[in-house]
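The values are calculated or read from the model by the stated rules, or taken from the named source; none is laboratory data. Every value quoted in this text rests on a predicted model; they were computed, and no experiment measured them. Backbone-built Cβ (ideal geometry, glycine too); neighbour counts: all protein chains shown. To get the accessible areas, we keep the full protein, side chains included, count just its heavy atoms, and leave off ligands, DNA and RNA. Shrake-Rupley method; radii C 1.70, N 1.55, O 1.52, S 1.80 Å.
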Amino acid sequence: MGTMPVETRVTRMISELASGDRSAADQLLPEIYEELRTLAAGFFRYQKPSHTLQPTALVHEAFIKLVGAADQSWTSRKHFFDVAAMAMRQLLTDHARKAASKKHGGEVRRVTLSEAATPIEDLPDVNLIALDDALNKLHTLDPRQARIVELRYLAGLSVDETAEVLDISPRTVKLDWQMARSFLRRELAET
């Protein structure tokens with residue numbers, strides 16, 4: 001296994017895991033940990049340093065969620081990381097919802113979208129819960145646009161990286177990104 005390229009080994013392990021081989025999970029995590037950690041760090045760009053959930057915990061919770069899921073029909077390495085990004089977003093949003101409910105609706109961390117590495121211009125500051133609600137609404141209208149927002153804004157991927165993950169052209173990413181920003185601008189202005 002040592003002479004096989006890392007990407008090939010990871011793809012093979014993901015396929016084995018999707019086929020029901022639980023031992024593949026133990027081999028997979030060390031191979032992909034740094035990539036998952038980088039993905040998680042992207043989500044934490046907008047969190048307070050004192051956030052009670054840290055990137056390392058997010059990686060572990062997302063990985064456990066992925067390998068424990070009933071549907072493990074990942075078709076590729078890219079697909080696995082795409083699903084991992086969705087799991088991380090869901091975990092962070094659930095964490096924010098729990099914190100907000102404990103405080104009876106108060107002090108939800110507001111995210112300044114204009115300060116993002118890939119900003120969504122002209123949007124007001126929004127909280128993670130409002131953003132999640134808007135993304136869920138966008139997902140029902142256009143799932144690809146919602147995924148582009150997750151990958152570009154939340155995970156911090158470039159246009160080219162997003163195009164590669166979604167297997168679409170960079171031009172399509174740019175057009176959908178523009179449309180998604182307009183949608184979110186309207187949705188988040190109401191919150």
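For this structure, a couple of remarks:
- The number of residues in region 65-82 being surrounded by fewer than 18 Cβ atoms within 10 Å (Cβ to Cβ), assigned to a loop (DSSP other than H, G, I, E, B) and in contact (Cβ under 8 Å) with a residue 24 or more places away in the chain comes to 3.
- Selected residue (criterion: farthest from the chain's Cα centre (by Cα)) from residues of region 141-163 that are of a type in the set (A, V, I, L, M) and surrounded by fewer than 22 Cβ atoms within 10 Å (Cβ to Cβ): L141
- Condition met for I168 (within 19 Å of V83 (Cβ to Cβ), in contact with a Ser or Thr (Cβ under 9 Å, 6 or more places away or on another chain), modelled with pLDDT of 85 or more and surrounded by fewer than 22 Cβ atoms within 10 Å (Cβ to Cβ)): yes
- Pairs, first at pLDDT 80 or above in region 33-54, second of a type in the set (G, A, S) and outside any helix (DSSP H, G or I), C-beta under 7 Å, six or more apart: L39/A155
- Scope region 83-93; condition modelled with pLDDT under 85 and open to solvent by 20 Å² or more (accessible area, probe 1.4 Å); matching residues: V83, M86, R89, Q90
- Any chance L17 is more than 24 Å from R152 (Cα to Cα), among the hydrophobic types (A, V, I, L, M, F, W, C) and either modelled with pLDDT of 80 or more or in contact with a strand residue (DSSP E or B) (Cβ under 8 Å, 6 or more places away or on another chain) (or both): yes
- Scanning region 1-41 for residues that are assigned to a helix (DSSP H, G or I) and among the hydroxyl-bearing types (S, T, Y), we see that the one that is nearest to S73 (Cα to Cα) is S15.
Here is a yes/no grid of residues against (1) more than 23 Å from R45 (Cβ to Cβ); (2) assigned to a helix (DSSP H, G or I):
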residue	(1), (2)
H139	no, yes
Y153	no, yes
V165	no, yes
I168	yes, no
R171	yes, yes
L175	yes, yes
Q178	no, yes
R181	no, yes
L188	no, yes
